[in-house]
Amino acid sequence: MWSETGVLITLVLIAIPVCVGVLILAARVLRVIRQQRYKLVRDEAEQLVEQLAAADEDIVTSLVKRKQALEYQLTNYELAGREQADDEKGLLGNVQNNDSLPFVPLKKKAVQRPPVSGELSKLVLWFLGCASFWLVFGTSVGEYIGVKFMAPDADHVSWLSFGRLRPVHTNVVFWGWASMAMLGLAYYVVPRVGNNTIASIRKGWWSLILINAALVLGTLTLMAGINNAGGEYREWIWPVMALFALGLLISLGNFLQTIARRTTKEIYISNWYIVSALIFTAIIVTVGYLPFWQDGLGETIVQGYYMHQAVGMWFMLFTLGLVYYFLPQQLNRPIYSYSLGILAFWAQIVFYTLIGTHHFVFSSIPWWLQTVAIVGSAGMIIPVVAGTTNFLMTFSASRHKISSSYTLPFFLVGVIFYFTGSLQGTAEAFRSTNLIWHFTDFTVAHSHITMYGIISFLLWACIYAIVPRLTGKEAPQITVGTHFWLALAGLLVYTVPLMYGATLKGLMWKEGKPFIDGVVFMAPYWLWRAIGGSLMWLSHLFFAWNMYKMLSGSGVPDVKDLALEQLKTQHKNNEQNILSAE
């Protein structure tokens, strides 16, 4: 029944007036309630008016204050104030606002140091500029050599043959890049730690000219096929090497005179390393070029001595001396232990001078001499561990500064490679490992870990630390970071495949496999060598660009400096006018 149409219509017609009546009743009830509330509020207002009329002055004042407190809003100037800051110490004058999102985290800029004489700054920058040129040139040659491993027939020009370009590459990066960079930095460090000035700027220029002349002549003679009969790292003929040695001797005398005139009581450890490196190099070059040791087994023994002493007693000793100055400077704290530095210094002199012939294990040189070299190589654990501990402990208390610095990562990588690369050399010296690794590409990888991972990274760290202080201009931080990561990635891509492939190649030789099988086997690893070398070479272009930016800047004068110069000019003109009027 309830579902019939007629019944539903009747129910709806009844519900409509009922609902309307309920709504009208609800509206009237709400109106009564509202009127009652209004009456209560009006009564309270009347009471408040009566109270205020009868209130004394203190109550009125408190109410006004309360009203002001409720209506108070911050103006956003409460802390800063509206007055101009009194910046007597110049703490606010150089603040720069950067509203854009930086692509890379901002690093700490170079801190102003005591001024350096303009003549010395110019000399140091010329050394470093020339070193940068020879780095790009020498590694460009090395890049081409790496390509030739994959494309031996890339050219048929005798001047560009592998046998001629390889010594050009090694000698230019050794004596051009690393040596000139070390000497340039030393011309800053030696007088600085002695608290005096360099003895002779003129001698420094003569040293620079002679070394550059040796590099130009050495490169031309090697490419023309004129060499010293193939002794590694001493391919230059003796007249060319004599120019280089003369340049070093001039700098040695200059540094000794500077140290003799020092105003400090002690000779800081940096000068120990630097001067010792120069003295040892003079001895090494003399022994390596004496004519009566150039035949037979004597030539082999001298070659081992010359080759390894050039790396360990020239590059390594000298660079460590620079690190003992620049690393504490960048961390703004003293070296962890002076005693560890002295221990590492003397231990390196005792052991490193014995290890040259470990490159000729199983050769026809006396067995006892081979054993002495192996023992000396094991003894190198002492200076390496002492030096690494000293540097890392210096880092430890200030490791938080690494993320905000663009120089400290270079130092850290150099120190890590100093430990790993040096101990790798110790591991290679033993007869069991020498039998597998020697005469393979493993030694190529090892030499790049030491000369590139240690020496180059540490030199870059020192250069980035000092050049902005001499020129007042810094390189773009993004290109410094690009240089760092390309160099590190390139070194790892270069060395790791070579070490792996060379180990397998040495095992193939040990099993009696034909030599040509090892050549074919290494082809993929040589491809990785070329890729890694390309990354390293590309990083050097970024380094050269960074040097250019630090040396030249943008060319736009600073507004403050220009205004100050104009004020000085006006002041000078006013003084002249006053004098002429009198």
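Ranked from largest to smallest solvent-accessible area, with a 1.4 Å probe on the protein heavy atoms, Val216, Val493 come out as Val216, Val493. Could you tell me which residue out of Leu79, Phe391, Asn577 lies farthest along the dipole of the chain toward its positive end? Charges go on the beta carbon: Lys and Arg +1, Asp and Glu -1, centred on the Cα centre. Of the listed residues, the answer is Phe391.
A straight line joining the Cα centroids of the range 188-207 and the range 473-519 runs 38 Å. A 1.4 Å probe run over the range 121-470, with the rest of the protein chains in place, finds 36 Å² accessible per residue. What separates the Cα centres of the range 343-370 and the range 273-336 is a distance of 14 Å.
Please give the net charge around Asn254, taking every other residue with its beta carbon less than 14 angstrom from that of Asn254, where Lys and Arg add +1 and Asp and Glu add -1. Present the calculation step by step, with values, prior to reporting the outcome.
Working: positive: Arg202, Lys203, Arg261, Arg262; negative: Glu119.
So the surrounding residues net to +3.
Approximating the spin labels as points 7 Å out from Cα along Cα→Cβ, the Phe292-to-Ala85 distance works out to 7.5 nm. Each stretch of four or more DSSP H residues adds -39500 (n - 2.57); spread over every residue of the chain, this sum gives -24000 deg cm²/dmol at 222 nm. By a 1.4 Å probe calculation restricted to protein chains, His359 has an accessible surface near 40 Å², given to the nearest 10.
Here's the picture: charge each Lys and Arg Cβ at +1 and each Asp and Glu Cβ at -1 in the chain, and of Thr139, Gly356, Thr264 the one pushed furthest to the positive end of that dipole is Gly356. Helix 162-171 axis versus longest C-alpha principal axis of the chain: approximately 70°, rounded to the nearest ten. The residue among Ser62, Thr471, Trp460 whose Cα reaches farthest toward the positive pole of the charge dipole of the chain, with charges on the beta-carbon of Lys, Arg, Asp and Glu, is Trp460.
Taking only C-alpha pairs under 8 Å that are 6+ residues apart, what is the relative contact order of the range 121-470 in percent? Working shown, then result.
On the way: 450 pairs, mean separation 52.2, N = 350.
For the range 121-470, the relative contact order is 15 percent.
Rounded to the nearest angstrom and listed largest first, the equivalent-ellipsoid semi-axes of the chain from its Cα gyration tensor are 73, 40, 24. For the chain, the longest principal axis of the Cα atoms and the long axis of helix 269-289 meet at an angle of about 30 degrees. For the pair the range 20-70 and the range 419-444, the centres of their Cα atoms are 97 angstrom apart.
When a 1.4 Å probe is rolled over the protein heavy atoms, the share of accessible surface on the range 121-470 that falls to carbon and sulfur comes to 71 percent.
Between Ser117 and Ile578, the C-beta separation translates, for a Förster distance of 25 Å, into a calculated FRET efficiency of about 0.15.
Nothing charged except the Cβ atoms of Lys and Arg (+1) and of Asp and Glu (-1): what's the magnitude of the dipole of the chain about its Cα centre? Round to the nearest 20 debye. Please report the intermediate quantities before stating the final value.
Details: 40 positive and 34 negative charges, 106 e Å.
In total the dipole reaches around 520 debye.
The values are calculated or read from the model by the stated rules, or taken from the named source; none is laboratory data. The structure presented is a predicted model; accordingly, all values stated were derived computationally and were not measured. Here the Cβ is made from the backbone with ideal geometry for all residues, glycine too, and neighbour counts use every protein chain on show. Side chains included, ligands, DNA and RNA excluded: accessible areas come from the protein's heavy atoms. Shrake-Rupley method; radii C 1.70, N 1.55, O 1.52, S 1.80 Å.
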